[in-house]
Every structure is written in C-alpha cells, then in structure tokens.
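The values are calculated or read from the model by the stated rules, or taken from the named source; none is laboratory data. As the structure is a computational prediction, the values presented were derived from the model and not from experiment. With ideal geometry, Cβ positions are generated from the backbone for all residues, glycine too; neighbour counts draw on all protein chains shown. Accessible surface areas use protein heavy atoms only, side chains included; no ligands, DNA or RNA. Shrake-Rupley method; radii C 1.70, N 1.55, O 1.52, S 1.80 Å.
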Amino acid sequence: MRANSSYDPSYPLYDPRWEHDACGTGFVAQVSGEASHHLIEVALQALINLTHRGAQDADAETSDGAGLLTQIPAALLRAELQARNISLPDTDDLAVGMVFLPSPAGTHAYEQSRLIIEQTCIESGLILLGWREPPIDYSVPGARARATAPRIMQILVARPLHLTIKQYERTLYHARRLIEQRLHDAHIDDCYIVSLSHSTIIYKGLLAPNELARFYLDLADPGYSSAFAIFHQRYSTNTLPAWPLAQPMRLLAHNGEINTLPGNRNWMQAREGTLFSPLWGSKLRDLLPVIQEGSSDSGQLDNVLELLTISGRDLLHSMQMLVPPAWEQNAALDAEQRAWCEYHAGLIEPWDGPAALVFSDGAIVGAALDRNGLRPARYTLTSHGLLILASEAGVVPCEAHEVVEKGRLGPGEMIAVDLKYGVVLRNSEIKSALARRHPYKHWLTTHLERLQELPCSPVDTHIEAETLFQSQQLYGYTHEDIELILRPMLAENKEPVWSMGDDTPPAAFSRQSRAFSDYFRQRFAQVTNPPIDPLREQIVMSLDCYPGRRQSLLTETPLHARLLHLETPILTEAQLETIRNLKQSGFLSRTLQATFDSATGPAALEQALDALDAQAIEAVTEGISMLILSDREASETTLPIPMLLAVASVHRALIRRGLRTQTSLICETGSAWDVHQVALLAGYGAEAIAPFMALASVRALAG
C-alpha cells in the first residue's frame, strides 16, 4: 500500500508531492552490543512517553503511526525454523522481509504479490525458506486503520554460501528494488516492502504507541531481543496518514521536514543518467529511479541514504554527505574536515531540514541534526551502558546516580554507537575519522579551480543612457522595478522590505501585463515558519556554487573535485568573461542564444526552444561542460526567450538524454533584477546567473 502518487481530482486540496513529517523520535542502544528483551520494553515505554508528539484521525481512534526498528530477533525466529526442521549455520545468514500485502488474503492481488516476491527472491539467488505469519491482533487499531490495514506477512530467506555478507546485503537490496518495479508494472499499488534485511526489521503501522506491542505480539514475546531500538511517533502535518508512511523507514526515522525536497528530488533524477559503480555494473539500472514514487520527504531521504550506504560508503559517511554541518563560515573547523565538506559539496547538495534524524544499519545506530539545529535531540548515557536519545529529555526515567553523561546535539552534530566494538562515537571523533578517509585536501588543491583566484578578464560595461532605457523596456523593466527594487538594493545593500497587506492580484488573475517570473510566486512557501536571518544567522548560510562536469555519485576519485568554485551564484560581466576564457579540460564553455524571431509567427517561441535544446545536447556530447544561455543579443525584432523558460527547457532536455550532470547551466540575462527571479532560475536548473541589465541599471543609478 502506498500513498497516492499523482493528483486526484476527487481530493482537490491534497497533493502528495508536499508531504512532510513533524514527529517524535529517538533510540535506545546497549553500548556493549548485548541484545535483550528488556531493551525492547524500554523502547516501547519511551515511545509511549512520546504519544503527545503524535496525532489522531477524525475518528479519535486511529493514530498517525508509530513503529520500531530493531535487530532481527534471531532467537525467536530460529526456534520457529527449528520447528520446521530448518537449521542455519550462522545468525547472519537469515534475512527477513516484513511485507504489507494487499488485503483481504486470497484475492488475486494478494496471490500475485506473493508470487512476485517469491520468484524475485529465487531469481536473485536467495534461498527461500518460506513465509511466516507474525502473530497479530487486527482488532487493536482504530476503525480507519482497520479498514485500510494490509495483510502483514514475513518472508524468510537465507544467504547462499558463495556470497559474502556485503554481497548478501546488496543482493537483498537489489531483490527488493526488483520486487518494487515488478509490483509497479503489475499495477499492484497496495503491496509495500517495509524492510528486507539480514540485520534489521521494522514493526510499524497506523498505530498509537500503546497499541504497537498489542498489535504486533512478537514485541511482547520474551524471546524478542535486540541491542538497540529506533522508535518513532508520527505527526502528520500536511499529509494523509497511511500504513507505509508510518516510520521508521528502512534506515532512518525523521522528526521535521525536508524543505529543499523538490530540488533534492530533481537533482537526484538528473544524476541517474551518469550513475556508475563497480559494485553494481549492469545491475545499476534495476535500482532506478532511486527515489520511490509516493514516498514522503522522510522516505525519499531514506531512499538516497540507502543507495549510498549499500553502494560502498558506510552509514555515517552517507548521512553526513546528505545532511552536512554548516562548514562554510565556521572558522573553527580544521582544514581536513573543511576539505571533506567542500569535496562532498561538489558531489551532492544538502537535504536541509529542519531535521532530527536517527538511523541504523544494524551495526551502527546514531542520530544527527541538520545545519540549522531547529529540532531537539537530547541524550543520556547511563552507568548500565544504555544510551538514550530522543526528541525530548525524560522519555526513559533514570535515577540521578545512574547518569554518566547527558547533553544535546547541536546544529550539524552527530552521535553514534558502534555495536560491534561497543563504543560511543562522539561528533568530533566521527568527523575526524571521516576526514582521514582520503586525501580530500590534496584532491581539492590539485583539481578545484576558484573563480576569485583567476585573473579577471576586462569587459566594457558602459551603456549609453538612451540605449539603457530601450534595453530596460525590452527586458520588461518598469519604473517601479528601478525605484522600488534596484535603488533600495543600491542604497541599503539588501533586498527591499515590503509591507504586509499587498493586494496585488496573483499574476494569473491580473489584468496587467506581468513579468513571467510573477506567475511562480505562489510556488514559494507562505507559512508561519520564521525566515532564516542571513545577517544574524550567517553561520548557517551559504551561497557557494560548484559548476562543472559531475562524476558518479557512487564513487570517490580525485576527479570528483574537478569543479569551479563560485562564492556566489551572481556573476559580474567580468567574471562571466573569465569563465568564457577558461581553456582547461573540464571547463570549456559555449554560449547559446536564448532568443527568437518574432516575425516568424506564433510558433516561433516553441521552435526556438526546440532548437536551443538540440544545440545544448550537441554541445554537451562534444565535451562542453559550461553552457551559457544568453539573451544579450536580443533586440526589437529578435526577442529574448523568457530565461526561466529557456533554463527549464534545456535542463529537462538534458535530463531526458542522461546528460544533465555532464554540464552546468549559466544564465547571461537581462530579465533578472530581483531576488525572486534569481531564486527561480537557480531552482529550475541554473548554477550561476549574470544579470547584466540589472548591473548596468544599478551603475546608472549610482552615477
């Protein structure tokens, strides 16, 4: 069962693309790695103590969801296998898939789902041991949860002897992705693989915390033991609750939102054309698309984290890649850690929150905050070797004399437990260890070019007053734009502040001719969250950009650092000319004209966009890694294509051909003069913008 993946006209106010979570989460872990049922009881009580962080459906019975992620209860399952005369030489050989099957049992979709899962496991080389029906009391949930409840089963498989443990992990992941694809092709939308792993298992659903162990009777069984448990109580802020959307996900549980989600998702799709890993070879195509349709923001982050982790990086490395600390303005950060952060900034953009994340792959369990640190994560280490971390203090009562250490995570910080070695890993230890993995500083010194260190190319920026006025009209400037936007920027060195109560109608309803960018203002958040102050909170702000040819996200080589560092996406004419004059390998540029001939009729704009797309594809296949889309040559007869339309069209065309990460898009445009317009261009694919007409207009005002 999945969330609706497309717009449903019967629910006109609901769109699953904007699903977010704001919840309560945490973990308990026995640092020694010793598994016990007592720890499960502690985790269940901690979850119950977070009940107030969840919500209920209108029936006052159905919760938004709760769940646990633990180690596989090997002793409990081994006893059942022995009753079937099945023995395994090693506990790690057993893998369990928790599956939400279509309900009711016995229907065509139910039987077909089981068949697809079984056949795929066998084709993947896994040893099929059979199905297990975990003891479940379906009368426990509320009315709505019962009405939508799946049929919950567990599939048991074993490791073939020729596979190492790491190969076994990849085979299980590959098999699950194939199952998901085949279910999708069979139009079975109500079958969901909750987890398929040899190390962890997830028990979750549309349940209140106090219902979890009464619904899943395994959790109350004394034979169910684990050395850690991640718990999660969901608060569905603007999403329809569903069984699969309950958390934890396969690797993580999340409190907060991913506010950069559309960009993260789009750039992940853009990278898929150049993904390569020697660990996967031709099987990599079976793992695409990386992000599963219908997932919440937490689920999509989990999808990417899972791919990175299963493709060679460890869990802590992958998590800090996706949710990095604010390193750009942090003068206290040592050179190696700064180099680690800058190297990875060229690989992937941050998945920014607010976010508190807890995560585990069965061997490591930990937590992290995003760079802003706007979600709480408090921890306590007891004399019994129990590490407790949660969205608030006190979820597990402790006597004062039992507390060895307590504290909270700060912005961008991590804490983790290595269950194999029985140690707590603090933030500084984690980051120092990551920074020493490769000679990142040497790679950057050797390959990264910094625009501010390159000799600047001279450019004549003088424009006659009459010519400037005509050009401003051509690009759509009004007197208000000059006086109310550009002049305050010049005088106060900041974006102008507008008053509340603006009654200007949305562009789509306006009777006045409006700028193309005005039609996109409603896409930007209009919520009560206070904005980040770029002056007082500059420690977490960054405008750094890294255009250039991107290598595969699944590998790390010195050539991944072969990029151009910009301190800001806004370029002057001289800086753009410097980029044009670069002749080094990896930085070759070509300028494409984003204009069209108005005299050729109504189809001229569409034809010009098609031609621009074709020119861009041709340039990239010829090795051009910097595409400059320019409307500077526009005139009264050769009109500028709206630059936002040009960028979006080329961006999508390159994605369709699998070429997007082979080049960067730079705009040389006269049609960007305010922050909103620049943000739109960046949001739709531009990595740098040279607003030449805005700069010329400001110079005229200054003169």
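Some notes on this structure:
- Estimated dipole of the chain in Debye, rounded to 20 [Cβ of Lys and Arg +1, of Asp and Glu -1, Cα centre]: 1520 debye
- Three-way shape label, segment 328-389, alpha-carbon gyration tensor, a/c 1.5: prolate
- Reported label for calculated Cα extents along the principal axes in Å given (1) 123, 65, 42; (2) 81, 73, 57; (3) 90, 55, 55: (3)
- Anisotropy class of segment 34-137 from Cα gyration tensor, a/c 1.5 cut: oblate
- Taking a sphere under 12 Å around the Cβ of ARG426 and counting the other residues whose Cβ falls inside, with K and R at +1 and D and E at -1, yields a net charge of -3.
- Segment 160-298 - convex hull of alpha carbons, volume per residue in Å³: 160 Å³
- Protein heavy-atom surface of segment 608-661, 1.4 angstrom probe: 50% of the accessible area is carbon and sulfur, with nucleic acids and ligands not counted.
- Cα centroid separation, segment 297-366 to segment 483-497 (Å): 37 Å
- Among residues other than TYR440 with Cβ under 10 Å from its Cβ, the summed charge is +1 (Lys and Arg +1, Asp and Glu -1).
- Magnitude of the charge dipole, segment 125-237, Cβ model with Lys/Arg +1 and Asp/Glu -1, debye to 20: 220 debye
- Leading residue at positive end of dipole, segment 69-184 (Cβ point charges), from ALA147, ALA79, ILE127: ALA147
- Anchor LYS166: aspartates and glutamates whose Cα lies under 17 Å away (excluding residues fewer than 8 positions away in-chain): ASP90, ASP92, ASP93, GLU306, ASP314, ASP361
- For the chain, the mean residue ellipticity at 222 nm estimated from helices alone is -9000 deg cm²/dmol, where every DSSP H run of n ≥ 4 contributes -39500 (n - 2.57) and the total is divided by all residues, rounded to the nearest 500.
- The mean accessible area for residues of the chain, using a 1.4 Å probe and ignoring ligands and nucleic acids, is 43 Å² per residue.
- Cα lying deepest toward the dipole's positive end in the chain, options ALA356, LEU240, TYR203, charges on Cβ: TYR203
- Expressed as a whole percent, the accessible area of segment 89-182 that falls on carbon and sulfur atoms is 53 (1.4 Å probe).
- Based on C-alpha pairs under 8 angstrom that are at least 6 apart in sequence, the chain has a relative contact order of 15 percent.
- Accessible surface of segment 350-490, 1.4 Å probe: 53 percent of it comes from carbon and sulfur atoms.
- Debye intensity ratio in log₁₀ form over the Cα atoms of segment 655-703, taken at each q of 0.19, 0.22, 0.29 Å⁻¹: -0.66, -0.79, -1.04
- On Cα atoms only, tilt of 643-656 relative to the major axis of the chain in degrees: 40 degrees
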